[in-house]
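Novice: First the structure, then my questions, so here it is.
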Amino acid sequence: MNATCSPSTCAPATSGVTESLRKPLYNVNGNAEAYEVRVEMPGVPKSGVKLDLEDNILTVRGERNTTVPEGMKALHRELSPLSYILRLRLNTPVEEDKMTAKLEDGVLTLRLPLKEVAKPRQIPVL
Amino acid sequence: MKLIRTNPSSLNRVSDFDEWFRHPFAGLPSLGQFFSNLGEVFPGVTGDKLAIDVHEDKDNYFASFEVPGVKKEDVKLELNSGMLTVSAEKREKNGDNESSYSLTRSVSVPDGVNVEAIAAKLEDGILTVTLPKAEHRKPRTIALN
């Protein structure tokens, strides 16, 4: 998975239809090398994840498969069937081409490596 | 470090649904129940309650739980005198810190479930428990003589 995507995979889903989305739980950690963003998106298969980075805004979408198989009916619902959207503004330059994403057990982990200029550096005392 | 967090789906939890399986067609709880359960807004220290969805088809009941980030080996299912208890231990690593918290839910298994054949599957952070209906509980057509 890559942050850069073709227009077909990242087309905005606003074709006159109002979509109901919710913000997932997420966590951001960082060190001197990279930021790590963990987004909880249970129910989202790998094919349902869409990532986009534009103008320092990172957009993460997770589409749940909400089709109920034939002959199956809901008796009781507490879980939200809504798909997820998370927008994060990045205030630090990151290496877009080196971003990685991994989906495991319903948790998406993004690694955003910092650009050299953004890394902390030691200034020697002369 | 021990971290207790609120499960987002528990925020719109309206009631304790443990009774649900006893009355599969009872429908959604009333508003009155919602207000009587406001005390539950603050989760206990021992573990938050897992939200549940229940579906059925002609052969099975399906109970689904959201358990993002939980590994298969950290899920425990226990059947004890008609009560099915699901516990999920969630471990998170944030840098050098490791935190964990547990989520749990008990439901009464309805009559007419073949308890020997209950099966569970974990996929994309969703735990699905399949409870097969016993033969005599399946819908059938009765022929007219």
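The values are calculated or read from the model by the stated rules, or taken from the named source; none is laboratory data. None of the values given here were measured: they were computed from a predicted structure. Using ideal geometry, Cβ is built from the backbone for each residue, glycine included, and neighbour counts are taken over all protein chains shown.
Novice: Could you identify the single residue in B:Glu98, B:Glu89, B:Glu123 that is surrounded by fewer than 18 Cβ atoms within 10 Å (Cβ to Cβ), at the interface with chain A (Cβ under 10 Å from one of its Cβ atoms), closer than 29 Å to A:Pro45 by Cα and of a type in the set (Asp, Glu)?
Specialist: Exactly one residue qualifies, and that residue is B:Glu123.
Novice: Between a residue in region A:36-49 that is farther than 8 Å from B:Asp124 by Cα and any residue that is of a type in the set (Asp, Glu) and surrounded by fewer than 24 Cβ atoms within 10 Å (Cβ to Cβ), which pairs come within a Cβ distance under 6 Å, given they are 6 or more apart or on different chains?
Specialist: Close Cβ pairs satisfying both conditions: A:Gly48/A:Glu63.
Novice: Being under 25 Å from B:Leu50 (Cα atoms) and touching an Asp or Glu at 6+ places or on another chain (Cβ under 6 Å) is true for just one of A:Pro81, A:Pro45, A:Pro113. Which residue is that?
Specialist: A:Pro45 is the lone residue from the list that is under 25 Å from B:Leu50 (Cα atoms) and touching an Asp or Glu at 6+ places or on another chain (Cβ under 6 Å).
Novice: Kindly state which strands (runs of 3 or more DSSP E) lie completely within region A:57-126 and contain at least 2 residues that are over 15 Å from the mean Cα position of the chain (by Cα).
Specialist: Once the strands (runs of 3 or more DSSP E) in region A:57-126 are filtered for at least 2 residues that are over 15 Å from the mean Cα position of the chain (by Cα), what remains is A:73-76.
Novice: Here's something else I'd like to know. Which one of these is at pLDDT 80 or above and aliphatic (A, V, I, L, M): B:Val75, B:Val45?
Specialist: B:Val75
Novice: Hey, another quick one. Those residues that are in contact with a Phe, Trp or Tyr (Cβ under 9 Å, 6 or more places away or on another chain) and either within 7 Å of chain A (Cβ to nearest Cβ) or modelled with pLDDT of 90 or more (or both), I need them from region B:48-72; list them, please.
Specialist: Correct list: B:Ala51, B:Ile52, B:Asp53, B:Val54, B:His55, B:Glu56, B:Tyr61, B:Ala63.
Novice: So for region A:67-80 (the condition being more than 10 Å from every other protein chain (Cβ to nearest Cβ), within 21 Å of A:Ser20 (Cβ to Cβ) and either at pLDDT below 95 or crowded, with 18+ Cβ neighbours inside 10 Å (or both)), does at least one residue qualify?
Specialist: yes
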